[in-house]
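Working notes for the structure below.
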Amino acid sequence: MKHWTEPNGIFIVNIPIEWQYRNSVIENIEEKSPYSFEPYEASLGCFQLSCYPLSERGINPNFPVQKNNSRIEWLESRKEDGEFDILLYHAQVDDMLCMVKYIYSTENRNDDRIEQQIEYAKKALDSFRIIPKTDRVLAANLNKHDNFLGSLLASSDLLENAYKNESHIELVVILSNQIDAFLRISIILHQQLEKQTNDIEVKYLFQGDNERGIIERKIYTKAHELKIIDDNTYKELNDLYNLRNRVIHRYIISFLKTRDIAKIAYDYTLLNEKIKLILRTYEEKQFGTGFGIYGRGYKKDDEFDETDYRRAYSMANDKHLLKKLKRKI
């Protein structure tokens, strides 16, 4: 299973690794209730979650308002319309009305795979929890952190292809992006350690369509001010970034040679490894502290198992949404 958090931090649920969140895949579908999930491949049905404030929908006196401190008891029902079978689940929890549907074609009613998917849906229901109001901002920020990690994983696929194809311009772009990302998370971990807090400054990890983000040079400067990087690394970052801009904006209108870009990509590769090791030291500093992103549940000698890799592949797939780059789960 893998966890999925409602974009506003209202609820969290564990879903099968084989399921994909569909709202962000289908064009013109908003990120709001109902939130839909289907298997990446050979989908036979759709799992949908909806959550609405009780203040808007009103309290149904026919079933209780539950406290969100134990397993939720769902009111189960079934609906058939001749074309689809719909399994329905309702619960009133804290301040929210929660509704879940599992929808599949009547033609597949006796398919063993549907029974398996329904079992998966019931396991997801067992894990469903409303997040307390006081924790919803943190939950939404952690969700953006997960998106950040998924994007970083996906960038590694692009980087591998660029090395394989000797695409030097692409290497410069991706490596500079990764260095920026490694420094951003290093800044967050550094500040969590200093303040001994779980809070995440999400401005470093996410930029919405209408938001002004923090540019790379300011990230370099912030990392330098916090002594995450030394003077020589700071200078190297800025010098390479100047060359990166020449590659992207002035390749045709300058005397820059393709051979020069190969050298820039090589220098970026070495610097990327250097910054990655700096990030690693901050991750290890948090292990066992009891706070921060890595303070609980992580150890220096942790190893990835098959389930961890499958979760990682699903995160990368959700970022790519391209068949060519799709990893088998």
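Screening Ser33, Ser77, Ser70 for residues that are within 29 Å of the chain's Cα centre (by Cα) and surrounded by fewer than 12 Cβ atoms within 10 Å (Cβ to Cβ) leaves exactly one candidate, Ser70. Please go through segment 203-233 and give me each residue that is within 21 Å of Val173 (Cβ to Cβ), not in a loop (DSSP other than H, G, I, E, B) and not polar (S, T, N, Q), ordered by number. Within segment 203-233, Tyr204, Glu216, Arg217, Lys218, Ile219, Tyr220, Ala223 meet the criteria.
In segment 261-285, of all residues being in contact with a helix residue (DSSP H, G or I) (Cβ under 7 Å, 6 or more places away or on another chain) and of a type in the set (Ser, Thr, Tyr), the one that is surrounded by the most Cβ atoms within 10 Å (Cβ to Cβ) corresponds to Tyr268.
Restricting Thr258, Thr197, Thr221 to those that are surrounded by fewer than 20 Cβ atoms within 10 Å (Cβ to Cβ) and over 30 Å from Asn143 (Cβ atoms) reduces the list to Thr258. Inside segment 286-329, residues that are among the basic types (Lys, Arg), surrounded by 11 or more Cβ atoms within 10 Å (Cβ to Cβ) and in contact with a helix residue (DSSP H, G or I) (Cβ under 6 Å, 6 or more places away or on another chain) make up a count of 3. Annotation note: of Asp260, Asp239, Asp231, the sole residue that is modelled with pLDDT of 95 or more, assigned by TED's automatic domain parsing to the domain that holds Lys164 and touching a Leu at 6+ places or on another chain (Cβ under 9 Å) is Asp260. Thr134 falls short on exactly one of the conditions (1) hydroxyl-bearing (Ser, Thr, Tyr); (2) loosely packed, with under 15 Cβ neighbours inside 10 Å; (3) closer than 24 Å to Trp19 by Cα, and that condition is (3).
The values are calculated or read from the model by the stated rules, or taken from the named source; none is laboratory data. In this text, all values refer to a predicted model and were calculated from it rather than measured experimentally. Positions of Cβ are backbone-derived with ideal geometry, glycine not excepted, and every protein chain shown enters the neighbour counts.
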